[in-house]
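Reading through the C-alpha cells given below for one structure.
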Amino acid sequence: MQRRLPPTALSLLAARGGQWELVRDELRGSHWAEGAVVSLTRWVDNLTDVVAPAPWLRAELRPLAAGELGGLSQPQLVELVQWSDLILFDYLTANFDRLVSNLFSLQWDARVMQRATSNLHRAPDGGLVFIDHEAGLGHGYRLLAVWDKYNEPLLRSVCVFREATARRVAELHRLQNAAAELLRLYRTREPLSAQLGFLSEQQARLLQSRIDFVHKHILHCKAKAAAAL
Ligand SMILES: Nc1ncnc2c1ncn2[C@@H]1O[C@H](COP(=O)(O)OP(=O)(O)O)[C@@H](O)[C@H]1O
Ligand SMILES: [Mg+2]
C-alpha cells in the first residue's frame, strides 16, 4: 500500500529553526500561520491525472458481471483491482473528496466522471497514487450524513478484490481491533501524536463497523462468483 499512498507526517509550522529554515523566504510569502499543523508528504515525480475507468463512468453504478471480467486484458484487470482498493479504502475512511464528490456533482454536471478524479494520480510505473486524505477518517466520519449515501453504492459497485486486501480485511474483522491497531501505528509513527487527538470512541467503533461491512460484502462477492462457476 505504501506505493499507492506516499507516507505523510504532521509538522508544526515554526518561522525559525529546524526543517523550516530552508524554506524561510517561501514561508514569508505564504499566509501560513505560525504554529499551524501541516502535513508533509513524500513527493512523487511526474504524476499525471486519472479518469475513472469504464465501470464508473455510468451514473448508475452496478458491479461488473463475472462474464464481463473475462473480456478484460491483464493490464485492465490490474487497473480494476487498484480502483477496488481505492474504493474500499475510501469507504473505510468515508473519504468524500475523490469519486464520491464526483458522484455528487453528477446532479448538475453529467460529464464529471469523465474528468480527472481529484486527489488521485498515476505514477510513471502506471500505478495509482492516492494523495490528500484530509476528507477521510475524522472529517469524513463527521460529514457522513452528507456523503455516505454515495459511499455505499460505490462499494457495492466493486465485486473484485485483491486477495491480499481481502485477507487483511478478514483479519481486521476477526481481530476486531482496527482502531486499536490504528492508534498503535499513530503513536509509534506520527511525531505529533502526543499533542494531537485521535478518533473518538464512537468514530473508532464506526471504523470497525465499516471494516465488518466490507468483509461481509467481500464474502457476498465470493459466494456470487462461486455460484456463477
Ligand atoms: N506527494 C505528492 N507528489 C507529487 N505531487 C503532489 C503530491 N501531493 C500533492 N501533489 C500535487 O499537488 C496538488 C494538490 O495537492 P493536494 O494534497 O490535493 O492539496 P489541496 O487539495 O489541498 O490543494 C495535487 O493535485 C498534485 O498535483
Ligand atoms: Mg486535494
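The values are calculated or read from the model by the stated rules, or taken from the named source; none is laboratory data. Just so we're clear, the structure is a prediction, and the values are computed from it rather than from any experiment. A quick note on method: Cβ atoms are made from the backbone with ideal geometry, for glycine too, and the neighbour counts reach across all protein chains shown.
Can you say whether Asp125 is of a type in the set (D, E, K, R), at pLDDT below 95, within 16 Å of ligand 2 (Cβ to nearest atom) and assigned to a loop (DSSP other than H, G, I, E, B), as far as the supplied structure shows?
Values: of a type in the set (D, E, K, R): yes; at pLDDT below 95: yes; within 16 Å of ligand 2 (Cβ to nearest atom): no; assigned to a loop (DSSP other than H, G, I, E, B): yes.
No; evaluated as a whole, the condition is false for this residue.
Looking only at segment 43-79, which residues are surrounded by 11 or more Cβ atoms within 10 Å (Cβ to Cβ) and modelled with pLDDT of 90 or more?
Scanning segment 43-79 gives Val44, Leu47, Asp49, Val50, Val51.
Out of Glu68, Glu152, which single residue is more than 17 Å from Phe213 (Cβ to Cβ) and among the acidic types (Asp, Glu)? Reasoning before the result, please.
Working: Glu152 fails: more than 17 Å from Phe213 (Cβ to Cβ).
One residue alone meets the criteria, Glu68.
Of all residues being of a type in the set (D, E, K, R) and over 25 Å from Tyr186 (Cα atoms) in segment 1-53, which is farthest from ligand 2 (Cβ to nearest atom)? Just the residue, please.
Taking segment 1-53 first, the residues of a type in the set (D, E, K, R) are 3-4, 16, 21, 24-26, 28, 34, 42, 45, 49.
Checking the rest, the ones that are also over 25 Å from Tyr186 (Cα atoms) come to 16, 21, 24-26, 28, 45, 49.
Working: Arg16: 29, Glu21: 27, Arg24: 25, Asp25: 25, Glu26: 19, Arg28: 24, Asp45: 18, Asp49: 12 Å.
Residue satisfying both the conditions and the ranking: Arg16.
So Ala145 clears everything in (1) within 12 Å of ligand 1 (Cβ to nearest atom); (2) free of Cβ contacts under 8 Å to residues at least 40 places away in the same chain except one condition, right? Which one?
(1)
Residues to consider are Ser84, Ser101, Ser118; find the one that is within 16 Å of ligand 2 (Cβ to nearest atom) and either touching a His at 6+ places or on another chain (Cβ under 6 Å) or in a helix (DSSP H, G or I) (or both). Walk me through it before giving the result.
Details: Ser84 fails: within 16 Å of ligand 2 (Cβ to nearest atom); Ser118 fails: either touching a His at 6+ places or on another chain (Cβ under 6 Å) or in a helix (DSSP H, G or I) (or both).
Every option except Ser101 fails the conditions.
So for segment 152-172 (the condition being crowded, with 19+ Cβ neighbours inside 10 Å, touching a Phe, Trp or Tyr at 6+ places or on another chain (Cβ under 6 Å) and hydrophobic (A, V, I, L, M, F, W, C)), does at least one residue qualify?
Checked segment 152-172: at least one residue is crowded, with 19+ Cβ neighbours inside 10 Å, touching a Phe, Trp or Tyr at 6+ places or on another chain (Cβ under 6 Å) and hydrophobic (A, V, I, L, M, F, W, C).
Considering each residue of segment 128-146, count those that are within 16 Å of ligand 2 (Cβ to nearest atom) and in a helix (DSSP H, G or I), and give that number.
2
Looking at (1) within 20 Å of Glu152 (Cβ to Cβ); (2) out of contact with any helix residue (DSSP H, G or I) (no Cβ under 8 Å at 6 or more places or on another chain), which is the one condition that is false for His217?
Of (1) within 20 Å of Glu152 (Cβ to Cβ); (2) out of contact with any helix residue (DSSP H, G or I) (no Cβ under 8 Å at 6 or more places or on another chain), only one is false for His217: (2).
Looking at segment 101-158 only, could you name the residues that are on the phi > 0 side of the Ramachandran plot and touching a helix residue (DSSP H, G or I) at 6+ places or on another chain (Cβ under 6 Å)? Even if it seems obvious, please write down each step before you answer.
Of segment 101-158, the ones on the phi > 0 side of the Ramachandran plot are 119, 126, 132, 137.
If the condition is that a residue be on the phi > 0 side of the Ramachandran plot and touching a helix residue (DSSP H, G or I) at 6+ places or on another chain (Cβ under 6 Å), then Leu137 is the only one that fits.
Please specify each residue of segment 173-215 satisfying the condition of being in contact (Cβ under 8 Å) with a residue 40 or more places away in the chain and among the aliphatic types (A, V, I, L, M).
Within segment 173-215, Leu192, Leu196, Leu199, Leu206, Leu207, Ile211, Val214 meet the criteria.
Scan segment 107-126 and give yes if some residue there is in contact (Cβ under 8 Å) with a residue 12 or more places away in the chain, surrounded by 17 or more Cβ atoms within 10 Å (Cβ to Cβ), within 11 Å of the chain's Cα centre (by Cα) and closer than 30 Å to Gly197 by Cα, otherwise no.
So far as segment 107-126 goes, yes, one or more of its residues are in contact (Cβ under 8 Å) with a residue 12 or more places away in the chain, surrounded by 17 or more Cβ atoms within 10 Å (Cβ to Cβ), within 11 Å of the chain's Cα centre (by Cα) and closer than 30 Å to Gly197 by Cα.
Given the criteria over 29 Å from Arg205 (Cβ atoms) and away from ligand 1 (no atom under 16 Å from the Cβ), does Val112 qualify? Even if it seems obvious, please write down each step before you answer.
On the way: over 29 Å from Arg205 (Cβ atoms): yes; away from ligand 1 (no atom under 16 Å from the Cβ): yes.
So Val112 passes the test.
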